[in-house]
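Take this structure first; my questions come after.
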Amino acid sequence: MDNLDQIRAKNALAARAEVQKKHVTKLPALIVNNGLLAAAAFCNDKSDELRTVMNKVAAHLADPRINRLINTNTAQGLVEELRKCLKNKFYEKWSN
């Protein structure tokens, strides 16, 4: 059984053939400064290269060993799932 770091490394190595370093290096700052939802939406709309990078992040989160993203493994699916989560949290907070 792999630990979380080993899973991350395997997924990163599998994705490296399809993504460029210059696009990957932008992603952590985007996520930290804007949040995962905004970063995913930006990458999905901005360019094919950034969309590919975010697709790889979504695929990592959908990995059965991680199991944080269910029923999708794309940037668009990640955006939709995060919107649903935020919508549910909003209604939960204000319905009481």
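Starting from the Cα coordinates of segment 1-82, work out the convex hull volume and express it per residue in Å³. Working shown, then result.
Numbers: hull volume 7.2 nm³, N = 82.
So the per-residue hull volume is 87 Å³.
Still on this structure, please answer the following. Give me the angle, in degrees from 0 to 90, between the Cα long axis of helix 75-94 and the longest principal axis of the Cα atoms of the chain, rounded to the nearest 10.
30 degrees
For a Förster distance of 25 Å, can you work out the FRET efficiency between the beta-carbons of Ala14 and Lys89, rounded to the nearest 0.05? Display every interim value, and only then the final one.
Values: r = 32 Å, r/R0 = 1.29.
Working from the Cβ atoms, E equals 0.20.
Taking the Cα atoms of segment 9-51, report the difference between the largest and smallest coordinate on each principal axis, in whole Å and largest first.
Principal-axis extents of the Cα atoms in segment 9-51, largest first: 26, 20, 15 Å.
Any read-out appearing in this document is the output of simple, stated calculations on the displayed coordinates, not a laboratory observation. Since the structure is predicted, the reported quantities are computational estimates derived from the model, not experimental observations. Please note: Cβ atoms are built from the backbone with ideal geometry, for glycine as well, and neighbour counts cover all protein chains shown.
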